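Visitor: Dropping the structure in here first, questions after.
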Amino acid sequence: MTGKIALIPGDGIGPEIVAEAKKVLDTVAKKYGHEFEYETLLMGGCSIDAYGEPLTEESLEKAKASDAVLLGAVGGNVGNSRWYQVAPNLRPEAGLLKIRKGLGLFANIRPAKLFSQLKDACPLKPEIIGDGFDIVMMRELTGGVYFGEHKTEEIDGIRKSTDIMAYDENEIKRIAVKAFEVARKRGKNVTSVDKANVLDTSRLWRAVVDEVAKDYPDVTVKHMLVDNCAMQLVMNPRQFDVILTENMFGDILSDEASMITGSIGMLSSASLGAGKLGLYEPSHGSAPDIAGKGIANPIATILSAAMLLRYSFDLDEEAKAVETAVEEVLKAGYRTIDIMSEGMTQVGTVSMGDLIAEKILG
Ligand code: NAD
Ligand code: IPM
Ligand code: MN
């Protein structure tokens, strides 16, 4: 098959990790006889430098015209780099929000699975880890407080800021349906996470999730308050199958879920909408503290490329081959610094990409 992939390396470690994911996609193309056509687009700080805005309309249109988008990460040191001396809608992260909204990507899937080889990198005790966990975080991505009204004003000399969190029932319903569909194909268990003891949006969320649940009698649903969920994730992660939650709660909980898999450098993600076009990116940021050092873990981005093959191109066998190659390289003892443990061989970003690509070729 042939496919058009928009590559958005972004800022910081973005270009380093996207290069490795592209290497893996090229290897898959070679082995299985596919042809991927790439177009590189600017987004984030690099786009601000080139065009004065984090994502131009032209780049957004090119992303829309592609079959899939592979993204690294955007942003710099928040607050103290030149990219943050401008209005919020012109900062690097605004480009990311614009592309998610512009492509209608309301469902963000972040699989937090503990690879058995990484038990030593997991900060939880062995008795909590047990035989491992396999969680899918289903985060609503185009609503909630991220997209409500934002303003900062000064009233009688007092500065005041407002961020509005809003959801309508259709926004909740479509992400809930996705979560139940995913759960049906795996552990048949949805934990819907909210703050229904305080927030109206959460009370509506809970009601709509219960309505959707009626169409999935084979899937059990449980509601959990978000503060409790943050605690349960480190106390008993094995209880979770699919976690369904709103935008900001999902942002926070997915970083927590990533760390119990060993490192934020392991957590991939797929952002999907109604059609086949998806955006694939690691869940972590641009890591300005390690950018340019050649030590970033490219696995989250490589696993995101596997999701791209699966969800946008229906190439399940190829996606599996990438995932298996990652497991085999971990089994062989190779580690980037963030997942390093005693007795393992430490490698940099490029070597990790090479090792995974070699395993795919077999
Ligand atoms: P971050 O995820 O970039 O980094 C947090 C910590 O994790 C750092 O110590 C970093 O070195 C480490 N880390 C992250 N990815 C790693 C990897 N692949 N390998 C090894 N270590 C890794 O979060 P932050 O520091 O809070 O944010 C930095 C910038 O990234 C900010 O501008 C933020 O807005 C942006 N950001 C972008 C995205 C995105 O583009 N999707 C996501 C999160 C944060
Ligand atoms: C993520 C990031 C983004 C988010 C930021 C950079 C806007 O943290 O993808 O998790 O909050 O969604
Ligand atoms: Mn985040």
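Please treat every number below as a calculation from the coordinates, not as lab data. Since we're looking at a predicted model, the values are computed, not measured. Every residue, glycine among them, receives a Cβ derived from its backbone with ideal geometry; neighbour counts consider all protein chains shown.
Visitor: Count the net charge of all other residues whose Cβ sits under 14 Å from the Cβ of Glu149, scoring Lys and Arg as +1 and Asp and Glu as -1.
Guide: Neighbourhood net charge equals 0.
Visitor: Which semi-axis lengths, in whole Å and largest first, follow from the square roots of five times the eigenvalues of the Cα gyration tensor of the chain?
Guide: 30, 27, 21
Visitor: Tabulate in residue order the Karplus-calculated ³J(HN,Hα) for the range 147-162, using 6.51 cos²θ - 1.76 cosθ + 1.60 with θ = phi - 60°, rounded to whole Hz; enter x for Gly and Pro.
Guide: 10, x, 5, 10, 7, 10, 9, 10, 10, 6, x, 9, 6, 9, 10, 10
Visitor: Now for a separate question. Whole-Hz ³J(HN,Hα) for each residue in the range 109-117, computed from phi via Karplus 6.51 cos²θ - 1.76 cosθ + 1.60 with θ = phi - 60°, x for glycine and proline: what do you get?
Guide: After applying 6.51 cos²θ - 1.76 cosθ + 1.60, I find 9, 10, x, 9, 10, 8, 5, 4, 5 Hz.
Visitor: Determine the distance separating the Cα centre of the range 166-207 from the Cα centre of the range 103-118; give it in Å without decimals.
Guide: Going from one Cα centre to the other spans 17 Å.
Visitor: Here's another thing I want to ask about it. Around Ser271, under 10 Å between beta carbons, what's the net of Lys plus Arg minus Asp minus Glu among the other residues?
Guide: That sum, taken over residues with Cβ under 10 Å, equals +2.
Visitor: Still on this model: Distance between the C-alpha centers of the range 11-54 and the range 273-331? Whole Å please.
Guide: Result: 12 Å between the Cα centres.
Visitor: Need one number: % antiparallel among DSSP beta bridges in the range 123-260, to the nearest 5.
Guide: Of those bridges, close to 30 percent are antiparallel.
Visitor: Here is a follow-up. Given charges of +1 on the Cβ of Lys and Arg and -1 on the Cβ of Asp and Glu, with all other atoms neutral, how large is the dipole of the chain about its Cα centre, in debye to the nearest 20?
Guide: Here the chain has a charge dipole of around 480 debye.
Visitor: Between Asn80 and Ile337, what FRET efficiency follows from the Cβ-Cβ distance if R0 is 22 Å, with the result rounded to 0.05?
Guide: About 0.30, to the nearest 0.05.
Visitor: If each of Asp131 and Met231 carries a label point 7 Å out from its Cα toward its Cβ, how far apart are those two points in nm?
Guide: 2.9
Visitor: Moving to a separate point now. Go through Lys62/Lys101; Lys31/Lys188; Lys30/Lys101; Lys113/Lys214 and tell me which ones have a Cα-Cα distance over 26 Å in this structure.
Guide: Lys31/Lys188; Lys30/Lys101; Lys113/Lys214
Visitor: Taking a quarter of the surface of the Cα convex hull of the range 123-260, what do you get in nm²?
Guide: Average of the hull's projected areas for the range 123-260 equals 9.7 nm².
Visitor: Subtracting the Cα-Cα distance from 0.36 nm times the residue separation, let me have the gained length for Arg186 to Glu154 in nm, one decimal.
Guide: Result: 6.4 nm gained on full extension.
Visitor: While we're on this one: Residue by residue, what Karplus-based ³J(HN,Hα) values in Hz, rounded to whole numbers, does the range 14-24 have, using 6.51, -1.76 and 1.60 with θ = phi - 60° and x for Gly and Pro?
Guide: Per-residue couplings from phi come out as x, x, 5, 7, 5, 4, 6, 5, 5, 4, 5 Hz.
Visitor: Follow-up. Taking amide H positions as placed 1.01 Å from N in the peptide plane, with prolines and chain starts having none, which residues 5 or more places from Thr40, or on another chain, fall under 5 Å of its amide H?
Guide: Residues meeting the criterion, in which the H sits 1.01 Å from N, are Leu7.
Visitor: Something else about it: Out of the GluC sites (Glu not before Pro) in the range 144-241, which ones are loop residues according to DSSP with at most 10 other C-beta atoms within 10 Å?
Guide: Here the GluC sites (Glu not before Pro) that fit, given the DSSP loop and packing criteria, are Glu149.
Visitor: Based on the Cβ-Cβ distance of Ala207 and Met344, what FRET efficiency does E = 1/(1 + (r/R0)^6) give at R0 = 45 Å, to the nearest 0.05?
Guide: About 0.40, to the nearest 0.05.
Visitor: Tell me the net charge near Arg335. Cut-off is 12 Å between Cβ atoms, Arg335 excluded, with +1 for each Lys or Arg and -1 for each Asp or Glu.
Guide: -2
Visitor: If the viscosity is 0.692 mPa s and the temperature 37 °C, what Stokes-Einstein diffusion coefficient in µm²/s follows for the range 129-171 when Rh is the Kirkwood radius over Cα pairs?
Guide: Rounded to a whole number, D works out at 238 µm²/s.
Visitor: Further, regarding this structure: Suppose the chain between Asp163 and Ala29 were pulled fully straight at 0.36 nm per residue; how much longer would it get relative to their current alpha carbon spacing?
Guide: 43.8 nm
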